[in-house]
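Let me begin by presenting the structure, written as structure tokens, before commenting on it.
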Amino acid sequence: MGLKDSGITKAEGWFALFCCALIVLIVEITRPKFDPQKDSCVSCHINTSNPDISHNVKAMGCSVCHLGNAFAYHKNAAHVGIVKNPSDLSTVEFTCGRSNCHNEIPSKVKNSVMATNSGMLKSLKELWIHMGNEDKDWPKEILDLKKEGFYHWEVLDYFKKMCGSCHLWRKVGDVEGEMGLKGGGCSACHVIRTEKTKDLGTKAQYQHPVITAVVPPENCLKCHNRSARIATSYKGMMEVLGTKGELNERPGENYVEYGGRRYLQLFPDIHHRKAGLWCIDCHNGQELMGDGQRHPELESQLDSHCTVCHSHIEESRIQPPNDLAKKLVSLNKRLPQEQHKILYTPKGYPLYHIRHMEGKLVLFRKADGFPFELTVKKNAPYHRLKGHERLSCSACHSAWMPQCFGCHIVREEGMQWDWVLTKGSMGRWVERVDFIRHAEPPLGVKKDKIYPIFSHPVYLWMKEKPALGVSLVLPSFDPHTTQKEAKSCWSCHGDARSVGLNGVFLDKEVHEHLFEKSQGHKRGFKEEEVERILRVGQCIVCHKDYQDPIFRDFQISYIRFCNERNLPCRIGKKVTCVPFPFNPD
């Protein structure tokens with residue numbers, strides 16, 4: 001049928017054809033051009049901000065990180081297979097870990113203790129065994145706990161409901177509020193989350209969360225604010241009970257709030273208070289993200305020690321920067337880019353921000369490049385006293401430590417959210433917290449070194465049945481409250497609290513479950529050690545100086561004190577002397 005038969009004139013036909021051509025032309029002109037090197041996402045997400053200089057949206061597009069269908073223009077088609085959080089550990093090999101990006105890192109992170117929680121599970125295992133239970137099929141990492149039908153033991157139920165929210169496999173944003181900020185794989189540390197803004201018109205505006213390699217301490221604080229409380233202690237924040245209206249706040253006291261809890265502001269760690277150092281200035285990328293090995297506990301993954309920075313130059317590991325150090329420096333333009341020899345950790349990781357310059361070690365803060373000359377450990381008498389060989393740095397230089405003398409945990413009836421299985425289950429755990437104090441920490445022994453001890457006895461009481469087992473738990477760690485001034489001699493050798501004696505005596509027959517420790521490599525002082533430590537206090541009253549000759553070898557000096565009645569200390573005085581065993585070797 002022709003135009004004549006249809007009733008349409010030739011002129012009208014040409015006009016219709018012209019209109020169709022014009023429409024096609026207009027669509028082609030106004031339609032965003034697709035760059036095959038990018039993707040079609042930016043045709044809708046026009047005003048999305050750049051996460052950082054290395055992840056430029058206009059240069060990279062969106063699908064390289066978020067997947068989806070990069071060639072589709074319709075929302076539903078484009079969002080097929082999209083990943084909201086590219087750094088989620090369940091998909092990270094296809095996003096952050098793809099070739100030409102960070103392909104060597106995901107496997108390391110997945111084996112790190114922040115992903116596996118292996119250290120926490122190991123400590124629970126030791127406690128569980130000492131309570132008289134078997135460790136058959138004990139989980140080695142947190143993913144093992146996702147297996148339905150396994151691990152019904154009460155101690156693991158407690159872990160999943162009260163501790164299981166802090167690990168890198170956690171889905172970020174799965175709940176509202178503070179708890180929803182935890183987890184998320186790489187983003188747990190490397191993303192600074194801000195409020196997003198969106199215009200529902202044709203040009204979507206989105207403030208993309210900032211990606212950074214210079215991890216702020218606020219990101220560490222999200223998880224490290226409970227239990228050991230090292231992130232809050234580092235900032236001088238001591239948790240207290242009660243709300244603002246309930247506390248009898250005295251003049252001069254400063255209180256801050258975080259996560260719904262209230263804190264008394266004390267002296268921060270000197271590295272924070274005086275130098276403004278962030279966590280990443282001490283803790284390097286390898287010990288945080290992992291080195292690829294499956295470590296059984298945090299301690300074996302750590303690579304930062306006081307003596308790494310505070311040793312004499314001749315004792316330090318100073319070498320020219322390796323390829324990794326050069327790469328890391330180039331990524332942080334805040335630091336001086338000129339080449340100097342740098343410091344290396346005991347495991348050989350480059351501390352690219354600590355330079356050997358003009359015979360000195362200079363630390364440049366990663367956040368802004370501000371320089372600090374590092375102080376070296378002085379060859380002073382108190383650092384080389386015979387008898388102090390086992391002392392850790394934190395045993396003397398930790399100013400205070402949060403102590404929870406009245407922490408109890410009760411399991412009640414009712415439902416509670418399981419953070420690992422992401423669903424509710426029967427059994428509700430409640431923390432009974434009172435008598436929280438801050439004080440100079442008591443000391444104990446961990447692997448033959450003397451460290452501060454966190455006084456945190458935990459009693460498990462089950463409504464269904466009593467659970468009195470071996471309940472004495474003695475966690476030991478660096479409190480992160482370091483000060484330049486060390487403890488006085490008297491604070492250790494004259495104060496019984498420093499050796500764990502607090503003026504309260506227990507009947508062993510009644511409280512037998514409190515006398516046996518649950519972790520073999522962490523313990524309080526033995527009776528002979530307590531006697532030896534406190535015995536020095538008798539002499540400190542008069543002999544107050546480190547360089548006093550009696551401290552060159554106190555065992556010999558004390559034997560003289562016991563045997564030689566004509567010493568000035570003994571003349572005219574009644575002395576009770578119980579010499580300790582002396583081994584001249």
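The values are calculated or read from the model by the stated rules, or taken from the named source; none is laboratory data. The model shown is predicted, which means the values in this text are computed figures rather than measured ones. Note: ideal-geometry Cβ built from the backbone for every residue, glycine included; neighbour counts use all protein chains shown.
Which members of the stretch 252-274 meet the condition of being surrounded by fewer than 15 Cβ atoms within 10 Å (Cβ to Cβ) and either closer than 21 Å to residue 478 by Cβ or of a type outside the set (Gly, Ala, Ser) (or both)?
Result: 253, 254, 255, 256, 257, 265, 267, 274.
Give 333, 327 a once-over and let me know the one that is part of a loop (DSSP other than H, G, I, E, B), modelled with pLDDT under 95 and within 25 Å of residue 55 (Cα to Cα). So that I can check it myself, show each step before the final result.
Numbers: 327 fails: part of a loop (DSSP other than H, G, I, E, B).
Every option except 333 fails the conditions.
Considering each residue of the stretch 322-342, count those that are in contact with a helix residue (DSSP H, G or I) (Cβ under 7 Å, 6 or more places away or on another chain) and closer than 18 Å to residue 285 by Cβ, and give that number. Spell out the reasoning first.
Step one: of the stretch 322-342, the residues in contact with a helix residue (DSSP H, G or I) (Cβ under 7 Å, 6 or more places away or on another chain) are 335, 337, 342.
When the remaining residues are screened for being closer than 18 Å to residue 285 by Cβ, the result is 335, 342.
Count: 2.
Scan the stretch 473-487 residue by residue and report those that are at pLDDT 85 or above and surrounded by 14 or more Cβ atoms within 10 Å (Cβ to Cβ). Steps first, please.
Filtering the stretch 473-487 down to residues at pLDDT 85 or above leaves 477-487.
Once the filter is applied, which keeps residues that are at pLDDT 85 or above and surrounded by 14 or more Cβ atoms within 10 Å (Cβ to Cβ), the stretch 473-487 yields 477, 478, 479, 480, 481, 482, 483, 486, 487.
Table: residues versus (1) modelled with pLDDT of 85 or more; (2) under 17 Å from residue 499 (Cβ atoms); (3) of a type in the set (Val, Ile, Thr); (4) assigned to a helix (DSSP H, G or I).
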position	(1), (2), (3), (4)
519	no, no, no, no
530	yes, yes, yes, yes
537	yes, yes, no, yes
543	yes, no, no, no
546	no, no, no, no
550	yes, no, yes, yes
557	yes, no, no, yes
561	yes, no, no, yes
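Checking the conditions here, which among 249, 299 is over 17 Å from the mean Cα position of the chain (by Cα), at pLDDT below 90 and among the acidic types (Asp, Glu)? Explain how you work it out, then say what you get.
Details: 299 fails: over 17 Å from the mean Cα position of the chain (by Cα).
Result: 249 is the single residue among 249, 299 that is over 17 Å from the mean Cα position of the chain (by Cα), at pLDDT below 90 and among the acidic types (Asp, Glu).
For the stretch 164-193, enumerate the residues that are modelled with pLDDT under 90 and either assigned to a helix (DSSP H, G or I) or in contact with a Cys (Cβ under 8 Å, 6 or more places away or on another chain) (or both).
178, 179, 180, 181, listed by residue number.
Could you list, in sequence order, all residues of the stretch 108-143 that are outside any helix (DSSP H, G or I), modelled with pLDDT under 85 and either of a type outside the set (D, E, K, R) or on the phi > 0 side of the Ramachandran plot (or both)?
Answer for the stretch 108-143, where residues must be outside any helix (DSSP H, G or I), modelled with pLDDT under 85 and either of a type outside the set (D, E, K, R) or on the phi > 0 side of the Ramachandran plot (or both): 131, 132, 133, 137.
Within the stretch 386-394, identify whether any single residue is in a helix (DSSP H, G or I), of a type outside the set (Lys, Arg) and outside the structural domain of residue 326 (by TED's automatic domain parsing), and answer yes or no. Walk me through how you get there before you give the answer.
So in the stretch 386-394, the residues in a helix (DSSP H, G or I) come out as 393-394.
Pick out the ones that are also of a type outside the set (Lys, Arg) and you get 393-394.
Right, trim to outside the structural domain of residue 326 (by TED's automatic domain parsing) and you get 393-394.
Looking for residues that are in a helix (DSSP H, G or I), of a type outside the set (Lys, Arg) and outside the structural domain of residue 326 (by TED's automatic domain parsing), one finds at least one in the stretch 386-394, hence yes.
Which numbered condition trips up residue 451, out of (1) modelled with pLDDT of 90 or more; (2) among the hydroxyl-bearing types (Ser, Thr, Tyr); (3) over 23 Å from the mean Cα position of the chain (by Cα)?
Of the numbered conditions (1) modelled with pLDDT of 90 or more; (2) among the hydroxyl-bearing types (Ser, Thr, Tyr); (3) over 23 Å from the mean Cα position of the chain (by Cα), the odd one out for residue 451 is (3).
Output the qualifying pairs, or none if there are none: Cβ atoms under 9 angstrom, residues six or more apart or on different chains, first residue in the stretch 173-184 and farther than 14 Å from residue 226 by Cβ and in the same structural domain as residue 417 (by TED's automatic domain parsing), second residue at pLDDT below 85 and part of a loop (DSSP other than H, G, I, E, B).
So the pair list comes out empty.
Please indicate, with yes or no, whether at least one residue in the stretch 295-311 is out of contact with any helix residue (DSSP H, G or I) (no Cβ under 7 Å at 6 or more places or on another chain), surrounded by fewer than 18 Cβ atoms within 10 Å (Cβ to Cβ), without any contact (Cβ under 8 Å) to a residue 40 or more places away in the chain and among the acidic types (Asp, Glu).
At the first step, the residues of the stretch 295-311 found to be out of contact with any helix residue (DSSP H, G or I) (no Cβ under 7 Å at 6 or more places or on another chain) are 299-300, 305, 307-311.
With the extra rule that they be surrounded by fewer than 18 Cβ atoms within 10 Å (Cβ to Cβ), the set shrinks to 299-300, 305, 307, 310-311.
If we keep only those that are without any contact (Cβ under 8 Å) to a residue 40 or more places away in the chain as well, we get 300.
So of that shortlist, the ones also among the acidic types (Asp, Glu) come out as none.
For the stretch 295-311, residues out of contact with any helix residue (DSSP H, G or I) (no Cβ under 7 Å at 6 or more places or on another chain), surrounded by fewer than 18 Cβ atoms within 10 Å (Cβ to Cβ), without any contact (Cβ under 8 Å) to a residue 40 or more places away in the chain and among the acidic types (Asp, Glu): absent.
For residues that are within 15 Å of residue 271 (Cα to Cα) and surrounded by 14 or more Cβ atoms within 10 Å (Cβ to Cβ), scanning just the stretch 372-382, find the one that is modelled with the lowest pLDDT. Please lay out each step first, then the result.
So in the stretch 372-382, the residues within 15 Å of residue 271 (Cα to Cα) come out as 372-376.
Now restrict to residues that are surrounded by 14 or more Cβ atoms within 10 Å (Cβ to Cβ): 372, 374, 376.
On the way: 372: 95, 374: 93, 376: 83.
Checking each candidate, the answer is 376.
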